[in-house]
């Protein structure tokens, strides 16, 4: 699913109107019909619609006309001056007046009181006050109206975007409608991906309003949200004649005396995700522990140079970092692998930490590299604060990926995967998964998918989607979800998503 900024959406609308000849009124009518589709008309009889003087208000007025035609009790309020209405908004305003609907222009405290009483008496309040074009803080009558909506509504449906929410970054602009449902038009809005936006949008429904796909593609900037269809497209059912050699060879460098669990979780995730032949390379003193735990994977000592060289030459993907420790030895392993191997490499945890002062290694890498940092590791890589990265996740991730020609997966709420050109936001996962070992598990899944033939960017997307999906399904019956819980669920969820 695509998402976009307000500038992109504005360009798409203008092209449809100016170049194709789809009038603004047609787009507005299509929008109104899609809003009606998302209202429970059977169980709701009374509506209060609050409109602004722009096109968002025009959508609301058109919705009002349809609700009146359906025999509903509809009260309509306009905030703003009539002579400053957009042309399409004015057209719908005139039609509504002509069919006998009283529209109260909110300009005084008496009007505010009328609005408050109408909202209290209505089953649903429809917010059509401000649209995607908001760029400054909401003030005056608008902020007062928003407070009335929030404090007195039984249920709020926002058209396109909750009034007062910046659709580009998800920031509340002074005051903001707190809706139960947002029916957004055309494309998902960038701002809905912000950490805090969900408490304002409620459930988000994306509805198409008749814009041709080629117009979307013309202006779209390569931003997508991962979904089930994307997963199903790239994780295919197995050929009944295939064998373990067809599903890739994986070599993992992981673990140390204090972190055997990280090595186990990462390796087991590779196994559970379906790779054919898996070998864990670790320190000799922890080899017996991991050898006894890993029934389906092979192990090798990090002192077996000849054996490691053979594995490096035959691997389809290599993972480095989980539990290795931020030390000189880890740096040597990363440096050596990036110089000599011929297959994609996934770097996680301590393999990322050792790069902080050695980013030239990424610049000189001759193979595809996937980096999977969390916010703290990203801060160490870039020098930006965690707070800055939180507020500018997409830009920071995209710029870093482009500068170092890598695939970057920035973990956290709405995990971001980017190669610097295409950016995908993962739509799965929740806070029940906030526990140690989750990153090691994700690294294993991605590594496994690459070894099985997926391109590194694709594997990062499908791996993140599967990882989060497992957590979501488990959290329906579990208060918290561990990495081990995810491991046991992986093969079943792959099958479910394929079907």
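For residue 440, state whether it is in contact with a helix residue (DSSP H, G or I) (Cβ under 7 Å, 6 or more places away or on another chain), within 26 Å of residue 255 (Cβ to Cβ), in the same structural domain as residue 346 (by TED's automatic domain parsing) and without any contact (Cβ under 8 Å) to a residue 24 or more places away in the chain.
On the way: in contact with a helix residue (DSSP H, G or I) (Cβ under 7 Å, 6 or more places away or on another chain): yes; within 26 Å of residue 255 (Cβ to Cβ): yes; in the same structural domain as residue 346 (by TED's automatic domain parsing): yes; without any contact (Cβ under 8 Å) to a residue 24 or more places away in the chain: no.
No: the conditions fail for residue 440.
Just name the residue that is surrounded by the most Cβ atoms within 10 Å (Cβ to Cβ) out of those in region 403-435 that are touching a residue at least 60 places away in the same chain (Cβ under 8 Å) and out of contact with any helix residue (DSSP H, G or I) (no Cβ under 6 Å at 6 or more places or on another chain).
Per the stated criteria, the residue is 427.
Return the only residue of 151, 137 being more than 23 Å from the chain's Cα centre (by Cα) and not in a loop (DSSP other than H, G, I, E, B).
On the way: 137 fails: not in a loop (DSSP other than H, G, I, E, B).
The conditions single out 151.
Can you name every residue in region 310-332 that is farther than 20 Å from residue 261 by Cα, in contact with a strand residue (DSSP E or B) (Cβ under 8 Å, 6 or more places away or on another chain) and crowded, with 17+ Cβ neighbours inside 10 Å? Reasoning before the result, please.
If we filter region 310-332 for residues that are farther than 20 Å from residue 261 by Cα, which is where we start, we get 310-317, 328, 331-332.
Then drop every residue that is not in contact with a strand residue (DSSP E or B) (Cβ under 8 Å, 6 or more places away or on another chain), which leaves 311-312, 314-317.
Of everything in region 310-332, those that are farther than 20 Å from residue 261 by Cα, in contact with a strand residue (DSSP E or B) (Cβ under 8 Å, 6 or more places away or on another chain) and crowded, with 17+ Cβ neighbours inside 10 Å turn out to be 311, 312, 315, 316, 317.
Criterion first (assigned to a helix (DSSP H, G or I), in the same structural domain as residue 179 (by TED's automatic domain parsing), under 27 Å from the mean Cα position of the chain (by Cα) and under 30 Å from residue 226 (Cα atoms)) does residue 39 satisfy it? Show your work before the answer.
Details: assigned to a helix (DSSP H, G or I): no; in the same structural domain as residue 179 (by TED's automatic domain parsing): yes; under 27 Å from the mean Cα position of the chain (by Cα): yes; under 30 Å from residue 226 (Cα atoms): yes.
For residue 39, the condition - assigned to a helix (DSSP H, G or I), in the same structural domain as residue 179 (by TED's automatic domain parsing), under 27 Å from the mean Cα position of the chain (by Cα) and under 30 Å from residue 226 (Cα atoms) - is not met.
Being at pLDDT 95 or above and touching a helix residue (DSSP H, G or I) at 6+ places or on another chain (Cβ under 7 Å) is the filter; apply it to region 188-206 and report the residue that is nearest to residue 140 (Cα to Cα).
The selected residue is 201.
Can you tell me which residue among 377, 395 is in contact with a helix residue (DSSP H, G or I) (Cβ under 9 Å, 6 or more places away or on another chain) and either in a helix (DSSP H, G or I) or farther than 17 Å from residue 465 by Cβ (or both)?
Result of the check over 377, 395: 377.
Any idea which residue in region 355-374 is surrounded by the most Cβ atoms within 10 Å (Cβ to Cβ), counting only those that are assigned to a loop (DSSP other than H, G, I, E, B) and in contact with a strand residue (DSSP E or B) (Cβ under 9 Å, 6 or more places away or on another chain)?
Step one: of region 355-374, the residues assigned to a loop (DSSP other than H, G, I, E, B) are 355-359, 364-368, 372-374.
Now narrow it down to the ones that are in contact with a strand residue (DSSP E or B) (Cβ under 9 Å, 6 or more places away or on another chain): 355, 365, 367-368, 372-374.
Details: 355: 26, 365: 19, 367: 16, 368: 18, 372: 29, 373: 26, 374: 18.
Of everything passing the filter in region 355-374, 372 is surrounded by the most Cβ atoms within 10 Å (Cβ to Cβ).
Any residue in region 340-355 that is more than 14 Å from residue 317 (Cα to Cα) sitting within a Cβ distance under 7 Å of a residue that is assigned to a strand (DSSP E or B) and modelled with pLDDT of 95 or more? List the pairs, counting only those 6 or more apart or interchain.
Every condition considered, the pairs that remain are 351/320; 352/371.
Among 448, 385, which is the only one that is modelled with pLDDT of 95 or more and within 21 Å of residue 266 (Cα to Cα)? Even if it seems obvious, please write down each step before you answer.
Details: 385 fails: within 21 Å of residue 266 (Cα to Cα).
Result of the check over 448, 385: 448.
I'm told residue 184 meets every condition in (1) within 30 Å of residue 219 (Cα to Cα); (2) modelled with pLDDT under 95; (3) not in a loop (DSSP other than H, G, I, E, B) except one. Can you identify the failing condition by its number?
(2)
Can you say whether residue 442 is closer than 26 Å to residue 482 by Cβ and assigned to a strand (DSSP E or B), as far as the supplied structure shows? Before you say what the answer is, go through the steps one by one.
Working: closer than 26 Å to residue 482 by Cβ: yes; assigned to a strand (DSSP E or B): no.
Answer is no for this residue.
Looking at (1) touching a helix residue (DSSP H, G or I) at 6+ places or on another chain (Cβ under 8 Å); (2) part of a helix (DSSP H, G or I); (3) crowded, with 19+ Cβ neighbours inside 10 Å, which is the one condition that is false for residue 481?
(2)
Have a look at 267, 184 and point out the one that is in the same structural domain as residue 167 (by TED's automatic domain parsing), buried (at least 20 other Cβ atoms within 10 Å of the Cβ) and in contact with a strand residue (DSSP E or B) (Cβ under 6 Å, 6 or more places away or on another chain). Don't jump to the end; show me each part of the working.
Numbers: 267 fails: in the same structural domain as residue 167 (by TED's automatic domain parsing).
Answer to the selection: 184.
What number of residues within region 82-129 are closer than 21 Å to residue 17 by Cα and assigned to a loop (DSSP other than H, G, I, E, B)? Quick ask: steps written out before the conclusion?
First, the residues of region 82-129 that are closer than 21 Å to residue 17 by Cα: 84-93.
Among the residues that remain, those that are also assigned to a loop (DSSP other than H, G, I, E, B) are: 85-86.
Of the residues in region 82-129, 2 are closer than 21 Å to residue 17 by Cα and assigned to a loop (DSSP other than H, G, I, E, B).
Name the residues in region 1-24 that are in a helix (DSSP H, G or I), surrounded by 16 or more Cβ atoms within 10 Å (Cβ to Cβ) and either in contact with a strand residue (DSSP E or B) (Cβ under 6 Å, 6 or more places away or on another chain) or in contact (Cβ under 8 Å) with a residue 12 or more places away in the chain (or both), would you? Spell out how you get there, then give the answer.
First, pick out the residues of region 1-24 that are in a helix (DSSP H, G or I): 6-20, 24.
Narrowing further to those that are surrounded by 16 or more Cβ atoms within 10 Å (Cβ to Cβ): 6, 8-9, 11-13, 15-17, 24.
Listed by number, the residues that qualify are 6, 8, 9, 11, 12, 13, 15, 16, 24.
The values are calculated or read from the model by the stated rules, or taken from the named source; none is laboratory data. Just so it is clear, the structure is predicted and the values come from calculations on it, not from any experiment. FYI the Cβ positions are ideal-geometry reconstructions off the backbone, even for glycines, and counts take in every protein chain you see.
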